[in-house]
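Taking it in order: structure first as structure tokens, then the write-up.
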Amino acid sequence: MRGGRPSVGRCAAGALAFLVGCVVHIGPSPAAQTLPARPLLITVDDLPMAGAAARGDAAVRRATTESLLAVLKKHRITAVAFVIAGNVKTPDDEAILQHWLDDGHEIGSHSNTHPSYTALTSEAYLADVAASRTTLSAWLARRQRTLRFYRFPFLQEGDTPEKVAAMRAALAAGGLRNVPVTLDGTDWSFDRRWAEAVASGSAPAIDEVRQDYLAALRVAVTRTEAMADQLLGRRTPQVLLIHANAVGAANWDAMFTWLAARGHRFAPADEVLADETFGDLPIDPGRWGYGHYHRLARLRRATEVRAEIATVLETQVAAWNRGDMEAFCAVYAADAAFASPTGLIRGRDAVLARYRTKYPDAASRGILSFAIEETQLASGLEITPFEAAAPGDVHGATLLARWTLTYAGKPPATGLTLITVRPRVGAPAGQPRWEIIQDASF
Ligand SMILES: [Zn+2]
């Protein structure tokens, strides 16, 4: 195939190749479009076996494991494989883990019983994590290996600041590092359909699931990587989450072939996780688990929105202090509600009329200042077409502030205000991007 098809540069072994990096030529004009290969860590969850194959007999699980490992070997991938320690029950299960180790992959902890951190107390969850660490550390120590990595089930890192902090402290004390996920094509959700299609023996049915499985991955990869590259302003490293299951055993080869053709370079954990983006993020509690770059985007957006809303108040302060009541009230929505000790009025025009009456001149206006006490953002969860949780945009905010009017020759007046804002549709350049829809000032 020629023309627009990408071709992958070969990565020679050795320090020089590591420093220079591999390159990928996309399109017919390599000189103009040379991009560095994108480091990609492959992580495999729910060992010893996930999905329908986990319910099969030992021979099924062994054969599925051999298929998974053969594909990894073909693509020269060194993966981190996360084990649900409580699911390692028989010598056959241990043999599966041994096979992963023998092929050069690293074993990490994926808890003891795969609990939801959101559903448990810190004490109960930490006890589950400790049980898995004890079991897996001992098992690895007998093989001169160390347990280094942890993967949160459902990517849930804690729904309160205290729970997030408790797990961070527990992981640090246990010498474990949380391995985030950046790419999630919800591969697990295709396993049941795959098993049913295979059982039916229908080639079209099998092919349909295969196409859906690969399409979900392609959508997750292309969308997330474009978002992440824009967010960081560079070609971002990625961590793919997939599961040890039967649909994977049959389709990983096609998936890895596509990933390589798109310019990914399968990279080991130590290289990928050394990237500064995977340093500790601020504590960001949530009931649901997010991908790393989705979380980063959410944190950045929250910071932006707080700054934009602060600008709304700054704009008002500047307008007030130059005596421009029209501009002071311009940040109110046309249908804004305004509550004060004198009652409730509605509409920007009514708010403006009230201010003009109450503060007719410079002597009555004084000098205004605001001190923001608290900003709460109204942003929630959105569900992707593949039923994965992704952070939603900020759709509104409330702001609690203290206002103060200072006067020459008389005591200041001060009070509290609670303001609700919403995005201002079609805000002109240079104008506030939020408008006040409710204001209760006392
Ligand atoms: Zn899992």
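The values are calculated or read from the model by the stated rules, or taken from the named source; none is laboratory data. Just so it is clear, the structure is predicted and the values come from calculations on it, not from any experiment. So basically every Cβ, Gly included, is an ideal-geometry build from the backbone, and we count neighbours across all protein chains shown. Surface accessibility is based on the protein's heavy atoms, side chains included, excluding ligands, DNA and RNA. Shrake-Rupley method; radii C 1.70, N 1.55, O 1.52, S 1.80 Å.
Lys/Arg Cβ at +1, Asp/Glu Cβ at -1, dipole of the chain taken about the Cα centre: which of PRO432, HIS294, TRP100 is farthest positive-ward?
PRO432
May I ask you to derive the relative contact order of the chain, considering only C-alpha pairs under 8 Å and at least 6 residues apart, and to give it as an integer percent?
Value for the chain: 15 percent.
Relative to the Cα centre, what is the charge dipole magnitude of region 39-180, using +1 at the beta carbon of each Lys and Arg, -1 at the beta carbon of each Asp and Glu, and rounding to the nearest 20 debye?
Approximately 420 debye in magnitude.
Could you name the aspartates and glutamates in cross-link range of LYS410, using Cα to Cα under 18 Å and dropping any fewer than eight places away on the same chain?
Here the aspartates and glutamates satisfying the reach criterion relative to LYS410 are ASP361.
Quick one: with all protein chains in place, what share of the accessible area of region 306-442 is carbon or sulfur, to the nearest percent (1.4 Å probe)?
56
How big is the antiparallel share of DSSP beta bridges in the chain, given as a percent to the nearest 5?
Within the chain, antiparallel bridges account for around 60 percent of the total.
Per-residue ellipticity at 222 nm for the chain, helices alone: DSSP H runs ≥ 4 residues times -39500 (n - 2.57), over residue total, nearest 500 deg cm²/dmol?
-13000 deg cm²/dmol
Say each of VAL219 and THR398 gets a label point 7 Å from the Cα, pointing the same way as Cα to Cβ; how far apart are those two points in nm?
For VAL219 paired with THR398, the spin-label model returns 3.6 nm.
For a quick check: with amide H placed at 1.01 Å from N, whose amide H comes under 5 Å from PHE149's, ignoring anything fewer than 5 positions away on the same chain?
Answer set, sorted by chain and number: SER109, ARG177.
Full-extension gain between ILE437 and ALA330, please, as 0.36 nm times their residue separation minus the C-alpha to C-alpha distance.
Length difference between fully extended and current span is 37.4 nm.
Taking 0.36 nm per residue of separation and subtracting the Cα-Cα distance, what length does fully extending ALA353 through VAL198 add?
Full extension of this stretch gives 48.5 nm more.
Report the extension gain between ASP92 and LEU418 in nm, rounded to one decimal, defined as 0.36 nm multiplied by the number of residues separating them, less their alpha carbon distance.
Taking 0.36 nm per residue and subtracting the Cα distance, the gain is 111.1 nm.
If you average the sequence gap of Cα pairs under 8 Å that are 6 or more apart and divide by the length of region 53-188, what percent do you get for the contact order?
Computed value for region 53-188: 21 percent relative contact order.
What part of the accessible area of region 69-213, given as a whole %, is carbon or sulfur when the probe is 1.4 angstrom?
Summing carbon and sulfur atoms, their accessible area is 55 percent of the total for region 69-213.
Using a basic spin-label model with each label point 7 Å from the Cα along Cα→Cβ, how many nm lie between ARG234 and ALA274?
With each label placed 7 Å out from Cα toward Cβ, I get 1.3 nm.
Kindly state, to the nearest 0.05, the FRET efficiency for ALA124 paired with ALA172, given R0 = 22 Å and r defined as their beta-carbon distance.
Efficiency for this residue pair is about 0.65.
Please state the shape class of region 137-235: rounded when a/c is under 1.5, otherwise prolate if a/b exceeds b/c and oblate if not, all from the C-alpha gyration tensor.
Oblate shape, in that a/c is at least 1.5 and b/c is the bigger or equal ratio.
Could you give the size of the charge dipole of the chain about its Cα centre, using +1 on the Cβ of each K and R and -1 on the Cβ of each D and E, expressed in debye and rounded to the nearest 20?
820
Classify region 99-195 as rounded, prolate or oblate, taking a ≥ b ≥ c as the square roots of the eigenvalues of its Cα gyration tensor: rounded when a/c is under 1.5, otherwise prolate if a/b is larger than b/c and oblate if not.
oblate
Quick one: accessible area per residue over the chain, 1.4 Å probe, rounded to a whole number of Å²?
Normalised by residue count, the accessible surface of the chain is 48 Å².
Quick one: putting +1 on the C-beta of Lys and Arg, -1 on the C-beta of Asp and Glu, what dipole do you get for region 281-432 around its Cα centre, in Debye to the nearest 20?
320
How far apart, in nanometres, would the label points at ALA429 and LEU299 be if each is projected 7 angstrom from Cα along the Cα-to-Cβ direction?
3.2
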